[in-house]
Amino acid sequence: MTDFLMPSLGADMEAGTLAEWLVKPGDAVKRGDVVAVVETDKGAIEIEIFNDGVVSELVVPVGARVPVGTVLARLGDTAQTPAPKPPLAPAVAAPSPPTPPSASPPSAPARPRSSPAARRLAAARGIDLARMAGSGPGGAIVLADLEAPRPAAPRGDLAARRGFDPAAMRLAIGSAMSRSKREIPHYYLSETIDCTAALAWLERRNRDRAPPERVLPAALFVRAVALALAKTPELNGYWQDGHFQPGGGVHIGWAIALRGGGLVAPAIRDADALSVDGIMAAMRDLVLRARGARLRGSELTAPTITITSLGDRGAEAVWPIIYPPQVAMVGIGRIVTRPWVVGGSIAARPVVTLTLAGDHRASDGHLGGRFLAEIGRRLQEIEAP
């Protein structure tokens, strides 16, 4: 028997509310399947299972708020499939459907597989689930399938965004950053880099592409950081139990500003192995799902380093605060035109200021300076496929 626990989805998370079960007792699951939705201060997060097995028992009911580490469900061996048990009743009971007549039709249609929360919402809206296709495990209909057709809520209508409380998120961010500044001995470095070569490369790359398919400068920055980490792996990982633990890959957290306030930083996995187009596609996907409250828990816990980029409407430089247990964070300012010395003469050049916040327990300014210099070299000598 294996316990499935409430995961920690960040240094600032102490508890979460179980919003939806996507499985029931008797269901076979495999590692990576999304089995539940948990509400946190960062919004609704899809939770994956980390073991193969068969759901034996759902311990926590929908609507319950429990601390990190609480047993949510129990899994049995796939070779010993238990008899299915009825799913847990939600914290707030939904009205029971009317009892059908005793005379049943010759061949009643099978009820489509759906999550309890989806069934309640469908009943409230008068939606026939039999006419829908589901996007959940095994084709199950989940909340997202019902919410997608709804018109977008006005920008200021934060209550319409499921699981999003801007005040709670702001408190969570403040708590995590206060802990970071209190516990981590930060050092800071900056480097201003000529972007002429990078922007010329992008112009050639995007020349025959429609606007939605074009690569943004941010994708080049992410790839440059990912490749630079190969030469400075001491910045790619975590400070845990009093020592540095290298990351199991280059998984770059990309800070995404949410509409209405707050931010999250899900991971672009194995960014050093992705092409520029692959990184751009991953960034678009994360932004879309982050703002639709459909991120997965593993995407929030995977980053081995984080990048915050202010884009073309931000400040010229940003001085980041490390997100524990990571040991470094990179800031990217706005690209601006400045006088620049080129071959002994002064010319107008597009430049960007990169900043690094490093954890002095894991590295020092010499290593951090090499890291920023390598990012600059990657941006000026474009090698991206």
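Yes or no, residue by residue, for (1) small (Gly, Ala, Ser); (2) in contact with a Gly (Cβ under 8 Å, 6 or more places away or on another chain); (3) in contact (Cβ under 8 Å) with a residue 12 or more places away in the chain:
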site	(1), (2), (3)
Asp312	no, no, yes
Val318	no, yes, yes
Pro325	no, no, yes
Gly331	yes, no, yes
Pro339	no, no, no
Gly344	yes, no, no
Val351	no, no, yes
Leu354	no, yes, yes
Within the stretch 306-317, can one find any residue that is under 23 Å from Ala265 (Cα atoms) and open to solvent by less than 10 Å² (accessible area, probe 1.4 Å)? yes
Please work out if Ile322 is open to solvent by less than 30 Å² (accessible area, probe 1.4 Å) and not in a strand (DSSP E or B). yes
In this structure, does Val35 turn out to be at pLDDT 90 or above, assigned to a strand (DSSP E or B) and either surrounded by fewer than 21 Cβ atoms within 10 Å (Cβ to Cβ) or charged (D, E, K, R) (or both)? no
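Of the residues Ala83, Ala118, Ala123, Ala93, only one is open to solvent by 70 Å² or more (accessible area, probe 1.4 Å), modelled with pLDDT under 90 and outside any loop (DSSP other than H, G, I, E, B); which? Break it down into steps so the answer makes sense when it comes.
Details: Ala83 fails: outside any loop (DSSP other than H, G, I, E, B); Ala118 fails: open to solvent by 70 Å² or more (accessible area, probe 1.4 Å); Ala93 fails: outside any loop (DSSP other than H, G, I, E, B).
After ruling out the rest, the residue left standing is Ala123.
Quick one: count up the residues across the stretch 256-272 that are in contact (Cβ under 8 Å) with a residue 12 or more places away in the chain and open to solvent by 20 Å² or more (accessible area, probe 1.4 Å). Give the steps one after another, and end with the answer.
Of the stretch 256-272, the ones in contact (Cβ under 8 Å) with a residue 12 or more places away in the chain are 256, 258-272.
Going one step further and asking which of them are open to solvent by 20 Å² or more (accessible area, probe 1.4 Å), we end up with 259-261, 263, 265, 269-270, 272.
Matching residues across the stretch 256-272 total 8.
For the structure I just gave you, tell me whether Leu300 is assigned to a helix (DSSP H, G or I), of a type outside the set (Gly, Ala, Ser) and closer than 23 Å to Gln240 by Cα.
Numbers: assigned to a helix (DSSP H, G or I): yes; of a type outside the set (Gly, Ala, Ser): yes; closer than 23 Å to Gln240 by Cα: yes.
Here the answer is yes, as Leu300 does meet what is asked.
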Would you point out the residue of the stretch 332-363, among those that are touching a strand residue (DSSP E or B) at 6+ places or on another chain (Cβ under 7 Å) and charged (D, E, K, R), that is least open to solvent (accessible area, probe 1.4 Å)? Asp359
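Any chance you could count how many residues in the stretch 249-289 are in contact with a His (Cβ under 9 Å, 6 or more places away or on another chain) and of a type in the set (Val, Ile, Thr)? Before you say what the answer is, go through the steps one by one.
Filtering the stretch 249-289 for residues in contact with a His (Cβ under 9 Å, 6 or more places away or on another chain) gives 267-271.
After this cut, where a residue has to be of a type in the set (Val, Ile, Thr) as well, the list is 268.
Here the count works out to 1.
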By residue number, the members of the stretch 189-238 that are open to solvent by 40 Å² or more (accessible area, probe 1.4 Å), assigned to a strand (DSSP E or B) and either of a type in the set (Gly, Ala, Ser) or at pLDDT below 95 (or both) are Ser190
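The values are calculated or read from the model by the stated rules, or taken from the named source; none is laboratory data. Here the structure is a predicted model, which means the values were calculated and not measured. When we count neighbours, we look across all protein chains shown, and the Cβ atoms used for this are built from the backbone with ideal geometry, even at glycine. To get the accessible areas, we keep the full protein, side chains included, count just its heavy atoms, and leave off ligands, DNA and RNA. Shrake-Rupley method; radii C 1.70, N 1.55, O 1.52, S 1.80 Å.
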